[in-house]
Amino acid sequence: MPLPFQQVWDPQDAVTIVTGASSGIGFELTRMLVEEGAHVVAVARRRERLTELADSTSRPERVHCVAGDVTEASTREAALNAADSLGDGGLDLLVNNAGVGAIGPFADASPERMRRVMEVNFFAPVDWTRDALPRLRSVAHNGRRPVICNIGSVLGHRAVPDKSEYCASKFALHGWNDSLRAELVGDGIGVTLVSPSTTRSEFFDSLVETEPDQKSNSIGSWPPRRVAQATLLAIKRGRGEVILSLGGKALVYADRVSPPVMNGLLAKRGR
(Lines give C-alpha, C1' and ligand atoms only; values in the text may rest on other atoms or scores of the structure.)
Protein backbone atom coordinates (compact mmCIF):
# COMPACT_ATOMS: atom_id res chain seq x y z
CA MET A 1 0.00 0.00 0.00
CA PRO A 2 1.27 3.50 -0.73
CA LEU A 3 2.59 5.48 2.20
CA PRO A 4 0.17 8.18 3.43
CA PHE A 5 2.28 11.04 2.09
CA GLN A 6 2.75 9.63 -1.42
CA GLN A 7 0.70 11.30 -4.13
CA VAL A 8 -0.19 8.52 -6.55
CA TRP A 9 -3.15 10.01 -8.41
CA ASP A 10 -2.92 13.14 -10.54
CA PRO A 11 -6.13 15.06 -11.42
CA GLN A 12 -4.57 16.99 -14.30
CA ASP A 13 -6.55 16.07 -17.46
CA ALA A 14 -8.01 13.04 -15.68
CA VAL A 15 -11.34 11.68 -16.93
CA THR A 16 -13.63 11.26 -13.95
CA ILE A 17 -17.24 10.44 -13.05
CA VAL A 18 -18.95 11.71 -9.88
CA THR A 19 -22.47 10.54 -9.04
CA GLY A 20 -24.73 12.60 -6.78
CA ALA A 21 -23.03 15.74 -8.03
CA SER A 22 -25.88 18.22 -7.72
CA SER A 23 -25.38 18.95 -4.01
CA GLY A 24 -23.30 18.25 -0.93
CA ILE A 25 -20.11 16.23 -1.18
CA GLY A 26 -20.49 15.50 -4.90
CA PHE A 27 -21.03 19.17 -5.75
CA GLU A 28 -17.92 20.28 -3.85
CA LEU A 29 -15.76 17.40 -5.05
CA THR A 30 -16.66 18.10 -8.67
CA ARG A 31 -15.64 21.75 -8.29
CA MET A 32 -12.32 20.74 -6.71
CA LEU A 33 -11.54 18.22 -9.42
CA VAL A 34 -12.25 20.79 -12.14
CA GLU A 35 -10.11 23.42 -10.43
CA GLU A 36 -7.23 20.92 -10.41
CA GLY A 37 -7.56 20.23 -14.13
CA ALA A 38 -9.84 17.20 -14.37
CA HIS A 39 -12.76 16.56 -16.69
CA VAL A 40 -15.81 15.54 -14.64
CA VAL A 41 -18.89 13.74 -15.85
CA ALA A 42 -21.31 15.00 -13.20
CA VAL A 43 -24.34 12.79 -12.62
CA ALA A 44 -27.53 13.66 -10.72
CA ARG A 45 -31.29 13.75 -11.21
CA ARG A 46 -31.63 17.55 -11.30
CA ARG A 47 -30.34 19.00 -14.56
CA GLU A 48 -30.76 22.60 -13.41
CA ARG A 49 -28.54 21.97 -10.41
CA LEU A 50 -25.90 20.38 -12.63
CA THR A 51 -25.97 23.49 -14.81
CA GLU A 52 -25.50 25.64 -11.70
CA LEU A 53 -22.59 23.41 -10.72
CA ALA A 54 -20.86 23.87 -14.07
CA ASP A 55 -21.41 27.64 -13.97
CA SER A 56 -19.90 27.83 -10.47
CA THR A 57 -16.51 26.60 -11.71
CA SER A 58 -13.80 28.56 -13.46
CA ARG A 59 -13.84 26.05 -16.34
CA PRO A 60 -17.47 25.06 -17.00
CA GLU A 61 -16.47 23.33 -20.24
CA ARG A 62 -14.84 20.63 -18.09
CA VAL A 63 -18.13 19.71 -16.40
CA HIS A 64 -20.15 17.30 -18.52
CA CYS A 65 -23.68 17.01 -17.16
CA VAL A 66 -25.70 13.79 -17.23
CA ALA A 67 -29.16 14.04 -15.66
CA GLY A 68 -30.81 10.83 -14.52
CA ASP A 69 -31.40 8.30 -11.77
CA VAL A 70 -28.22 6.42 -10.84
CA THR A 71 -30.18 3.17 -10.53
CA GLU A 72 -31.15 3.25 -14.22
CA ALA A 73 -28.97 1.62 -16.86
CA SER A 74 -29.66 4.43 -19.33
CA THR A 75 -28.10 7.00 -16.97
CA ARG A 76 -25.06 4.82 -16.47
CA GLU A 77 -24.65 4.28 -20.21
CA ALA A 78 -24.93 8.01 -20.94
CA ALA A 79 -22.31 8.89 -18.34
CA LEU A 80 -19.84 6.25 -19.51
CA ASN A 81 -20.34 7.32 -23.14
CA ALA A 82 -19.64 10.91 -22.11
CA ALA A 83 -16.45 9.78 -20.39
CA ASP A 84 -15.41 7.84 -23.50
CA SER A 85 -15.70 11.00 -25.58
CA LEU A 86 -13.25 12.88 -23.36
CA GLY A 87 -10.18 10.75 -23.91
CA ASP A 88 -9.02 7.44 -25.28
CA GLY A 89 -11.85 5.37 -23.84
CA GLY A 90 -10.32 5.12 -20.39
CA LEU A 91 -11.52 6.30 -17.00
CA ASP A 92 -9.20 7.67 -14.30
CA LEU A 93 -11.65 8.00 -11.42
CA LEU A 94 -15.13 6.77 -10.50
CA VAL A 95 -16.71 8.31 -7.40
CA ASN A 96 -19.80 6.45 -6.20
CA ASN A 97 -21.26 9.23 -4.07
CA ALA A 98 -25.02 9.28 -4.72
CA GLY A 99 -27.02 8.11 -1.74
CA VAL A 100 -30.33 8.22 0.09
CA GLY A 101 -31.28 7.63 3.71
CA ALA A 102 -34.25 6.73 5.87
CA ILE A 103 -35.04 7.34 9.51
CA GLY A 104 -37.47 5.38 11.67
CA PRO A 105 -37.96 1.94 13.23
CA PHE A 106 -37.55 -1.02 10.89
CA ALA A 107 -40.81 -2.56 12.12
CA ASP A 108 -42.79 0.49 11.00
CA ALA A 109 -41.34 0.65 7.48
CA SER A 110 -42.53 -0.97 4.27
CA PRO A 111 -40.34 -3.46 2.39
CA GLU A 112 -40.00 -0.85 -0.36
CA ARG A 113 -38.02 1.46 1.92
CA MET A 114 -35.25 -1.11 2.36
CA ARG A 115 -35.24 -1.95 -1.34
CA ARG A 116 -34.98 1.68 -2.46
CA VAL A 117 -32.14 2.48 -0.05
CA MET A 118 -30.24 -0.65 -1.07
CA GLU A 119 -30.76 0.06 -4.77
CA VAL A 120 -29.28 3.57 -4.55
CA ASN A 121 -26.61 3.05 -1.89
CA PHE A 122 -25.35 -0.43 -2.78
CA PHE A 123 -26.55 -1.91 -6.06
CA ALA A 124 -26.00 1.31 -8.03
CA PRO A 125 -22.31 1.58 -7.03
CA VAL A 126 -21.88 -2.12 -7.88
CA ASP A 127 -23.42 -1.66 -11.33
CA TRP A 128 -21.47 1.53 -12.08
CA THR A 129 -18.23 -0.14 -11.06
CA ARG A 130 -18.90 -3.29 -13.08
CA ASP A 131 -19.48 -1.27 -16.26
CA ALA A 132 -16.55 1.06 -15.56
CA LEU A 133 -13.97 -1.67 -14.95
CA PRO A 134 -12.89 -2.17 -18.59
CA ARG A 135 -12.25 1.57 -18.86
CA LEU A 136 -10.35 1.65 -15.55
CA ARG A 137 -8.23 -1.32 -16.65
CA SER A 138 -7.45 0.47 -19.91
CA VAL A 139 -6.01 3.41 -17.96
CA ALA A 140 -3.99 1.08 -15.72
CA HIS A 141 -2.53 -0.69 -18.76
CA ASN A 142 -1.33 2.71 -20.02
CA GLY A 143 0.70 3.27 -16.87
CA ARG A 144 -1.68 5.53 -14.94
CA ARG A 145 -3.31 4.59 -11.64
CA PRO A 146 -7.10 4.76 -11.79
CA VAL A 147 -9.18 4.87 -8.62
CA ILE A 148 -12.65 3.77 -7.52
CA CYS A 149 -13.81 5.88 -4.57
CA ASN A 150 -16.89 4.77 -2.64
CA ILE A 151 -18.50 7.22 -0.22
CA GLY A 152 -19.59 5.10 2.72
CA SER A 153 -20.40 6.12 6.27
CA VAL A 154 -19.27 5.53 9.84
CA LEU A 155 -22.63 3.72 10.06
CA GLY A 156 -21.11 1.14 7.72
CA HIS A 157 -18.75 0.30 10.60
CA ARG A 158 -21.17 0.54 13.54
CA ALA A 159 -24.95 0.45 13.16
CA VAL A 160 -27.33 2.57 15.24
CA PRO A 161 -31.07 2.44 15.94
CA ASP A 162 -33.69 3.89 13.58
CA LYS A 163 -31.39 3.77 10.53
CA SER A 164 -31.43 0.05 9.82
CA GLU A 165 -31.86 0.39 6.05
CA TYR A 166 -29.12 2.98 5.70
CA CYS A 167 -26.74 1.04 7.97
CA ALA A 168 -27.40 -2.18 6.03
CA SER A 169 -26.61 -0.48 2.73
CA LYS A 170 -23.37 1.02 4.01
CA PHE A 171 -22.25 -2.22 5.66
CA ALA A 172 -22.81 -3.96 2.32
CA LEU A 173 -20.84 -1.24 0.53
CA HIS A 174 -18.02 -1.55 3.07
CA GLY A 175 -17.71 -5.33 2.69
CA TRP A 176 -17.88 -5.24 -1.10
CA ASN A 177 -15.37 -2.37 -1.19
CA ASP A 178 -12.82 -4.34 0.88
CA SER A 179 -13.14 -7.41 -1.35
CA LEU A 180 -12.88 -5.29 -4.48
CA ARG A 181 -9.73 -3.57 -3.20
CA ALA A 182 -7.99 -6.92 -2.73
CA GLU A 183 -9.15 -8.22 -6.10
CA LEU A 184 -8.05 -5.19 -8.12
CA VAL A 185 -4.68 -4.44 -6.56
CA GLY A 186 -3.01 -6.68 -9.14
CA ASP A 187 -4.65 -4.67 -11.92
CA GLY A 188 -3.19 -1.43 -10.60
CA ILE A 189 -6.64 -0.03 -9.71
CA GLY A 190 -6.96 1.71 -6.36
CA VAL A 191 -10.12 1.33 -4.27
CA THR A 192 -10.80 3.93 -1.58
CA LEU A 193 -13.57 3.93 1.04
CA VAL A 194 -14.40 7.30 2.63
CA SER A 195 -16.57 7.07 5.75
CA PRO A 196 -17.96 10.44 6.88
CA SER A 197 -20.12 11.06 9.89
CA THR A 198 -23.15 13.33 9.39
CA THR A 199 -22.54 15.85 6.60
CA ARG A 200 -24.34 19.18 6.64
CA SER A 201 -26.00 18.96 3.22
CA GLU A 202 -29.32 18.39 1.44
CA PHE A 203 -29.12 14.66 2.19
CA PHE A 204 -31.90 14.92 4.79
CA ASP A 205 -34.21 16.60 2.29
CA SER A 206 -34.60 13.33 0.34
CA LEU A 207 -35.19 10.65 2.95
CA VAL A 208 -37.18 7.59 1.89
CA GLU A 209 -40.53 7.08 3.67
CA THR A 210 -39.52 9.38 6.50
CA GLU A 211 -41.52 12.00 8.35
CA PRO A 212 -40.61 15.61 7.42
CA ASP A 213 -38.13 17.54 9.58
CA GLN A 214 -36.32 14.43 10.80
CA LYS A 215 -32.79 15.15 11.96
CA SER A 216 -29.75 12.98 12.58
CA ASN A 217 -28.31 13.25 16.08
CA SER A 218 -24.55 13.00 15.87
CA ILE A 219 -21.39 14.61 17.14
CA GLY A 220 -18.91 16.48 14.96
CA SER A 221 -20.74 16.87 11.65
CA TRP A 222 -18.67 18.34 8.82
CA PRO A 223 -19.64 20.70 5.99
CA PRO A 224 -19.61 19.11 2.52
CA ARG A 225 -16.53 21.03 1.38
CA ARG A 226 -14.45 19.64 4.22
CA VAL A 227 -15.57 16.09 3.44
CA ALA A 228 -14.78 16.66 -0.25
CA GLN A 229 -11.30 17.94 0.62
CA ALA A 230 -10.60 14.86 2.72
CA THR A 231 -11.97 12.64 -0.05
CA LEU A 232 -9.76 14.16 -2.74
CA LEU A 233 -6.72 13.90 -0.49
CA ALA A 234 -7.45 10.21 0.16
CA ILE A 235 -7.76 9.59 -3.59
CA LYS A 236 -4.50 11.38 -4.35
CA ARG A 237 -2.59 9.55 -1.64
CA GLY A 238 -3.91 6.11 -2.50
CA ARG A 239 -5.54 5.57 0.89
CA GLY A 240 -7.53 2.38 1.24
CA GLU A 241 -9.89 3.78 3.86
CA VAL A 242 -10.44 6.98 5.83
CA ILE A 243 -12.85 7.63 8.70
CA LEU A 244 -13.76 11.29 9.08
CA SER A 245 -14.62 13.53 12.06
CA LEU A 246 -13.82 13.11 15.73
CA GLY A 247 -17.33 11.89 16.47
CA GLY A 248 -17.18 9.35 13.67
CA LYS A 249 -13.84 7.99 14.80
CA ALA A 250 -15.04 7.80 18.41
CA LEU A 251 -18.07 5.73 17.36
CA VAL A 252 -16.04 3.32 15.22
CA TYR A 253 -13.07 2.84 17.53
CA ALA A 254 -15.16 2.59 20.71
CA ASP A 255 -17.07 -0.22 19.06
CA ARG A 256 -13.83 -1.98 18.12
CA VAL A 257 -12.53 -1.71 21.69
CA SER A 258 -15.71 -2.81 23.47
CA PRO A 259 -18.70 -3.91 21.38
CA PRO A 260 -20.77 -4.91 24.47
CA VAL A 261 -20.49 -1.40 25.92
CA MET A 262 -21.59 0.14 22.62
CA ASN A 263 -24.44 -2.36 22.36
CA GLY A 264 -25.67 -1.26 25.76
CA LEU A 265 -25.39 2.45 25.01
CA LEU A 266 -27.18 2.16 21.69
CA ALA A 267 -29.89 -0.07 23.15
CA LYS A 268 -30.69 2.72 25.63
CA ARG A 269 -30.84 5.19 22.76
CA GLY A 270 -33.14 2.88 20.87
CA ARG A 271 -35.56 2.71 23.78
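The values are calculated or read from the model by the stated rules, or taken from the named source; none is laboratory data. Small disclaimer: the values here were computed from a predicted structure and weren't measured. Using ideal geometry, Cβ is built from the backbone for each residue, glycine included, and neighbour counts are taken over all protein chains shown. Just so you know, the surface numbers come from the protein's heavy atoms only, side chains and all, with ligands and any DNA or RNA stripped out. Shrake-Rupley method; radii C 1.70, N 1.55, O 1.52, S 1.80 Å.
At a glance:
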quantity: Bins of 5 Å from zero: percent of alpha-carbon pairs in segment 15-270; calculated: 1, 6, 13, 18, 20, 17, 12, 7, 4, 2, 0, 0
quantity: Cβ charges +1 (Lys, Arg) and -1 (Asp, Glu), total dipole of the chain, debye; calculated: 920 debye
quantity: Relative contact order (percent, whole number), the chain, Cα cutoff 8 Å, 6+ residue spacing; calculated: 21 percent
quantity: Probe 1.4 Å, accessible area per residue of segment 15-270, Å²; calculated: 43 Å²
quantity: Over the chain: helical MRE at 222 nm, DSSP H runs n ≥ 4 each giving -39500 (n - 2.57), nearest 500; calculated: -14000 deg cm²/dmol
quantity: Which of Ala67, Leu136, Cys149, positive extreme of dipole for segment 15-270 (C-beta unit charges); calculated: Cys149
quantity: Difference of contour (0.36 nm per residue) and Cα-Cα distance, Asp55 to Ser85; calculated: 8.7 nm
quantity: Efficiency of FRET between Asn142 and Val261 - r from beta-carbon atoms, R0 51 angstrom, step 0.05; calculated: 0.55
quantity: With every protein chain in place, the chain: carbon and sulfur % of accessible area (1.4 Å); calculated: 51 percent
quantity: Theoretical gain in end-to-end length, Arg47 to Val126 [0.36 nm per residue, Cα-Cα removed]; calculated: 26.1 nm
quantity: Amide proton proximity set for Glu241, modelled H, under 5 Å, gap of 5+; calculated: Leu193
quantity: Karplus-derived HN-Hα couplings along segment 72-82 (A = 6.51, B = -1.76, C = 1.60, θ = phi - 60°), whole Hz, x at Gly and Pro; calculated: 9, 4, 5, 5, 4, 4, 5, 5, 5, 5, 5
